[in-house]
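Beneath this line is the structure, given in structure tokens, with notes to follow.
The values are calculated or read from the model by the stated rules, or taken from the named source; none is laboratory data. Every value quoted in this text rests on a predicted model; they were computed, and no experiment measured them. Cβ: placed from backbone, ideal geometry, glycine included. Neighbour counts: every protein chain shown.
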Amino acid sequence: MRIGNVETDQQRTVTDRLLLILDVVAAERGSVGLSRLSRLTGIAKPTVHRLAGELVRHRMLRHGEHGYDLGFHLFELGQQVPASRRLRDIALPLMSDLLEATHEIVQLAVLDDREVVYVEKLTARQSIKAPSAVGSRLPAYCSGLGKAILAFSDEEKVERVLSGPMPPLTSATITAPARFRRELDTIRQRGIAYDRGEGTVGIVCVAAPILDYCGRAVAAISVTGPRQRLRVVRFEAAVHTAALSISRLLNTAIQRDSPPSGQARTL
């Protein structure tokens with residue numbers, strides 16, 4: 001993530017540097033002090049101080065006693081992204097039904113490059129604490145949600161994941177491309193994907209893809225819980241049914257709002 005001094009001084013625009021600062025703060029756990037922020041970005045400390053001050057002024061960052069955190073305005077902007085807003089609004093009632101039926105974590109995610117991004121997460125009183133959060137990311141290859149999406153995605157998206165590094169997050173993570181492809185074949189046949197503790201030790205999930213009118217995955221929904229309590233087979237049908245219902249409602253909304261012929265339609 002860090003950029004070299006030459007690139008910083010001669011090639012990076014102000015916008016590049018602002019976005020880099022936001023990316024670094026987002027990637028860190030907890031607040032990031034000025035010196036560390038300068039070191040991680042490769043941007044001189046006076047410049048970081050000036051640019052971070054601008055981001056604070058626009059509520060993109062918050063500046064507290066221990067350094068910088070992401071600001072609330074980023075969340076506000078994220079909620080206005082048309083694709084995620086429509087998907088979330090349609091999925092929420094069905095996610096709530098799943099939460100009521102399972103009393104486990106219910107999550108909704110989309111694919112962004114090689115990672116899944118969590119769009120929504122519902123928890124019950126008995127739900128365990130999981131590392132995921134709305135807006136957080138996880139490598140697609142070690143996530144039930146990611147595998148469900150990739151199984152119904154174009155080959156280009158699958159290849160992008162498999163051609164990059166696939167370090168194991170746990171001993172259960174599938175890191176061999178050939179084995180991963182066999183896993184995707186199985187998911188296509190049954191319409192359900194599992195996370196067998198591949199992303200976090202002791203946490204499992206069952207996921208199903210949300211498909212567009214061409215049968216391509218645009219998102220996925222899952223039920224997640226501790227291995228010792230959650231029997232994923234019990235909730236296969238419920239998760240699959242919820243995914244089908246969201247797919248149907250989403251495609252109906254798209255068709256209803258479809259632009260005139262010749263213009264692109266968006267989720």
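Some points to look at:
- Considering only residues in region 20-35 that are at pLDDT 90 or above and surrounded by fewer than 16 Cβ atoms within 10 Å (Cβ to Cβ), the one that is nearest to GLY135 (Cα to Cα) turns out to be GLY33.
- Just one of the numbered conditions (1) out of contact with any Phe, Trp or Tyr (no Cβ under 8 Å at 6 or more places or on another chain); (2) surrounded by fewer than 17 Cβ atoms within 10 Å (Cβ to Cβ) is not true of ALA133: (1).
- Residue among ALA151, ALA130, ALA140 that alone is within 22 Å of VAL201 (Cβ to Cβ), touching a helix residue (DSSP H, G or I) at 6+ places or on another chain (Cβ under 9 Å) and among the aliphatic types (A, V, I, L, M): ALA140
- Residue within region 152-168 that is under 24 Å from ALA101 (Cβ atoms) and either within 14 Å of the chain's Cα centre (by Cα) or charged (D, E, K, R) (or both) present: no
- Candidates ILE128, ILE149 - the one that is of a type in the set (A, V, I, L, M, F, W, C), within 16 Å of THR224 (Cβ to Cβ) and not in a helix (DSSP H, G or I): ILE128
- Qualifying residue in region 217-229 (condition: over 17 Å from the mean Cα position of the chain (by Cα), within 19 Å of ALA151 (Cα to Cα) and surrounded by fewer than 18 Cβ atoms within 10 Å (Cβ to Cβ)): no
- Just one of the listed residues (LEU98, LEU55, LEU94) is under 21 Å from LEU19 (Cα atoms), in a helix (DSSP H, G or I), among the hydrophobic types (A, V, I, L, M, F, W, C) and over 14 Å from the mean Cα position of the chain (by Cα), namely LEU55.
A quick yes/no check of all residues on (1) crowded, with 20+ Cβ neighbours inside 10 Å; (2) touching a Gly at 6+ places or on another chain (Cβ under 8 Å):
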| position | (1), (2) |
| --- | --- |
| ALA140 | yes, yes |
| LEU150 | yes, no |
| PRO167 | no, no |
| ALA172 | no, yes |
| PRO177 | no, no |
| ARG181 | no, no |
| GLY197 | no, no |
| ILE203 | yes, yes |
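- In this entry, PRO209 is excluded by the filter for residues that are assigned to a loop (DSSP other than H, G, I, E, B) and either more than 15 Å from the chain's Cα centre (by Cα) or farther than 26 Å from ARG29 by Cβ (or both).
- Subset of region 181-206 that is hydrophobic (A, V, I, L, M, F, W, C) and outside any helix (DSSP H, G or I) - its residue that is farthest from ILE246 (Cα to Cα): VAL201
- Given (1) in a helix (DSSP H, G or I); (2) farther than 25 Å from THR102 by Cβ; (3) in contact with a strand residue (DSSP E or B) (Cβ under 8 Å, 6 or more places away or on another chain), number of the condition ALA178 does not satisfy: (3)
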